[in-house]
Structure formats: C-alpha cells, structure tokens
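Input: a single structure, listed below in structure tokens.
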Amino acid sequence: MPFTALATATTPTAHIGLGLAAVGRPGYINLHRDQDFPEGREVEDLRARTHELLDAAYAQGVRYVDAARSYGRAEEFLGEWLDARPSFTDLVVGSKWGYTYTADWSTEAEAHEVKDHSLATFERQRAETRELLGDRLDLYQIHSLTPDSPALADKELHERLAALAAEGVAVGFSTSGPHQADAIRAALALTVDGNSLFRTVQATYNALETSAAPALAEAHEAGLTVIVKEGMANGRLAGEEAPAVFREIAADAGVGGDAVALALVLHQPWAGVVLSGAATVTQLAGNLHAPVVGLDEEQRDRLDALVEEPESYWRHRAALPWH
C-alpha cells in the first residue's frame, strides 16, 4: 500500500497532501483566482507555479501529491518536477482517470472537462499517464464515481483495474455529488477473485458538507485509506468568504480560517490524508498550520451548526464559475 509509511509518520504535515487541480490549468472553480494569478496563467506561468508549490510542499513535510488527467497539464508539470528530483523516493504520487480536459487552455470554454468511465477511456488515459509519470505513479483513481456510473457494473474494467493493482499501482476512486455515501458503499462491495478492488477512497468533506462521513468511516474500517478533498469548499471557508465562526476560532488560534477548515477534517478519526488545494506558496504555508490547531467540543459544536443539506451544497458548487 502506498500510504503505509504515513501510518507511522511522525511529521504532522505528512498527512496533508497537495492537490494540483488549481495550478494545472488556467480555469477552475476556486474563488479569487484573479488574486492567485495576478501575473498571468500561460503554460509557463503555471508550470513555474506548480514546481514552486511542489518544492515548498516537500520541504515542509508533505508526502502525497494528487493529480488527474483532467487537471490540464498537471501530470506533465509533476512528471518534469519528479524527473529532476530522483532522490525524492518517499513521495506518494496519485492521479485520476475518467475526465478528459477539453478547455484547450482557455477560461472561456463551454465545457472544461468531459466525463467518461468506459474501459476505452481508462486504457487511453492510463497510457497517457504512464507517458508522463512513468513508474512514479503509486495510485490511480476513478475520477468522481457516482452511483449511476457505468464503472460500478463493468466487470471487464474491474479485471483491468485488478491487473493494474497486480502490477504494483494501487487502485482507488474519488466521489462527488450529493450521493457520495451511496457511491462509496457500492464501490466497497466490488471484488475481483474474492479480493476487494479498491485500496483508497477520495471524497468531499468539510464543515458545510459532512454527509459522506458514515460511509467514509466504513471505508476506513474496511482498510481503505481515506483521502479528503475540498476541505475548504472551493474557498468558501477561507479568507473573507469564511463564516464568522471560522474567523473567530482562527483569531484565537493565531492562524487563518483555512487552517481551521483543514483541522476540522484532520480531527476525523477516519481521515488518512487531507488535501490542500493551495494555488500559492503563501496559501500552502497557511494550510500547513492545520495540524497544530486544536478544536475543543464547544468549537466543534459551533462548526457543526454550519452544515448544509447535500443537495443545496452541491447546487451551490455546480453554480461556481470557472474563473
């Protein structure tokens, strides 16, 4: 298992990973991207930004990096960075397949990515990922599995995923949407030759969207590593956008609201790795304060009061523009 080393890691930041969704392409749904990239978003701008973030993350103890085929050129940028640092053998590298990037480096595209969980897409994107990341890939995940995904019933795909696992690449899945818990439980039931197919699950969980928690606890109990994404709700829980309770707790702790948001996730007993979606080195440094933030019962109760209904949360997320 690629995350075995993290189970005994003594550095708190080893349980925070760096997701590259915000820096591998010019457009994304995170808030305030105009402030994050004031000097431009051309390919070379984001290549340099990605390498700068990866250097800062590794230097500060981050040991998991998460990419995807649909994150623009994130795999390319990551592969270049890894090639230049062959001694970084303790870094766990994950990517995802199932979405194709279609925006052609534009923020005005009608569709930025197209979803397809077919076997043909897996085979094509696996070859593309292999070309860019070579043997540095440790984890390959189905991107945004939902209860209606054909990937749940495709036995031939399951066999191919199991074959990939036999080659030494762990197999996982990510989820999205208001029915994450259903997708997680359906995926947990999948087996090939009597063996569970998946070793990891990546899901959205934050102070506003907690509906997947029971299913994630079940996944953890079943032996899967749980990776949490969107812990800051695409920027809704950071900076001036954060609810007052976040700003108050953050002020008391001497950190930013982003650290409080990630600390809430780290406090969950089933959370194995929590992703930072930082777009700048300054944001990353703020995120990495999360492990030192203690949340008492009264503070957690105040944060619990922020929870939204899943359907409402995901409608809001779907309405966020691709800046």
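Going by the conditions given, is ARG41 within 28 Å of GLU240 (Cα to Cα) and in contact with a Phe, Trp or Tyr (Cβ under 9 Å, 6 or more places away or on another chain)? Judged against the criteria, ARG41 is a match. Does LEU303 satisfy the condition of being in contact (Cβ under 8 Å) with a residue 40 or more places away in the chain and within 19 Å of the chain's Cα centre (by Cα)? The answer is no for LEU303.
The set of residues from region 196-217 being closer than 13 Å to THR175 by Cβ and without any contact (Cβ under 8 Å) to a residue 40 or more places away in the chain comprises PHE198, VAL201, ALA203, THR204, ALA212, ALA215.
Checking each residue of region 119-135 against the condition of being more than 17 Å from ALA222 (Cα to Cα), open to solvent by 10 Å² or more (accessible area, probe 1.4 Å), part of a helix (DSSP H, G or I) and touching a His at 6+ places or on another chain (Cβ under 6 Å) gives no match. List every residue pair whose Cβ atoms lie under 9 Å apart, where the two residues are 6 or more positions apart in sequence or sit on different chains, the first residue falls within region 309-323 and is closer than 21 Å to ARG33 by Cα, and the second residue, located anywhere, is exposed (fewer than 12 other Cβ atoms within 10 Å of the Cβ). Hits for this filter: TRP322/GLU108; HIS323/ASP34.
GLU241 meets all of the listed conditions (1) free of Cβ contacts under 8 Å to residues at least 12 places away in the same chain; (2) closer than 28 Å to GLN60 by Cβ but one, namely (1). Across region 248-301, which residue is least open to solvent (accessible area, probe 1.4 Å) among those that are assigned to a loop (DSSP other than H, G, I, E, B), aliphatic (A, V, I, L, M) and touching a strand residue (DSSP E or B) at 6+ places or on another chain (Cβ under 8 Å)? Once the filter is applied, the top-ranked residue is ALA278.
Residues of region 309-323 that are surrounded by fewer than 18 Cβ atoms within 10 Å (Cβ to Cβ) and either at pLDDT 95 or above or over 22 Å from GLU113 (Cα atoms) (or both): GLU309, GLU311, SER312, ARG315, HIS316.
Within this structure, ARG199 passes the test of being within 17 Å of the chain's Cα centre (by Cα) and among the basic types (Lys, Arg). With respect to LYS115, is the statement that it is under 24 Å from VAL201 (Cβ atoms), out of contact with any helix residue (DSSP H, G or I) (no Cβ under 8 Å at 6 or more places or on another chain), in contact (Cβ under 8 Å) with a residue 12 or more places away in the chain and crowded, with 16+ Cβ neighbours inside 10 Å true? No: the conditions fail for LYS115. Please verify whether LEU164 is outside any loop (DSSP other than H, G, I, E, B), touching a residue at least 12 places away in the same chain (Cβ under 8 Å) and more than 14 Å from the chain's Cα centre (by Cα), treating the condition exactly as stated. Answer is yes for this residue. The requirement of being within 28 Å of LEU224 (Cα to Cα), at pLDDT 85 or above, assigned to a helix (DSSP H, G or I) and touching a strand residue (DSSP E or B) at 6+ places or on another chain (Cβ under 7 Å) is fulfilled nowhere in region 20-38; no residue meets it. Against the condition more than 30 Å from ALA242 (Cβ to Cβ) and assigned to a loop (DSSP other than H, G, I, E, B), how does PRO86 come out, does it pass? Yes, satisfied. When region 20-66 is limited to residues that are more than 20 Å from the chain's Cα centre (by Cα) and under 22 Å from LEU237 (Cβ atoms), the one that is most open to solvent (accessible area, probe 1.4 Å) turns out to be GLN35. Screening SER144 with (1) at positive phi; (2) small (Gly, Ala, Ser); (3) open to solvent by less than 40 Å² (accessible area, probe 1.4 Å); (4) part of a loop (DSSP other than H, G, I, E, B) gives one miss only, at (4). Considered as a group, the residues in region 78-104 that are under 25 Å from THR13 (Cα atoms) and within 17 Å of the chain's Cα centre (by Cα) include one that is surrounded by the fewest Cβ atoms within 10 Å (Cβ to Cβ), and that residue is LEU91. If you take the residues of region 147-168 that are surrounded by fewer than 21 Cβ atoms within 10 Å (Cβ to Cβ) and among the aliphatic types (A, V, I, L, M), which of them is nearest to ALA127 (Cα to Cα)? Ranking the qualifying residues of region 147-168, first place goes to LEU164.
The values are calculated or read from the model by the stated rules, or taken from the named source; none is laboratory data. Keep in mind that what you see is a predicted model, and the values were worked out from it rather than measured. Cβ atoms come from the backbone with ideal geometry, glycine included; neighbour counts cover every protein chain shown. For the accessible areas, the whole protein counts, side chains as well, though only heavy atoms, and no ligand, DNA or RNA atoms are used. Shrake-Rupley method; radii C 1.70, N 1.55, O 1.52, S 1.80 Å.
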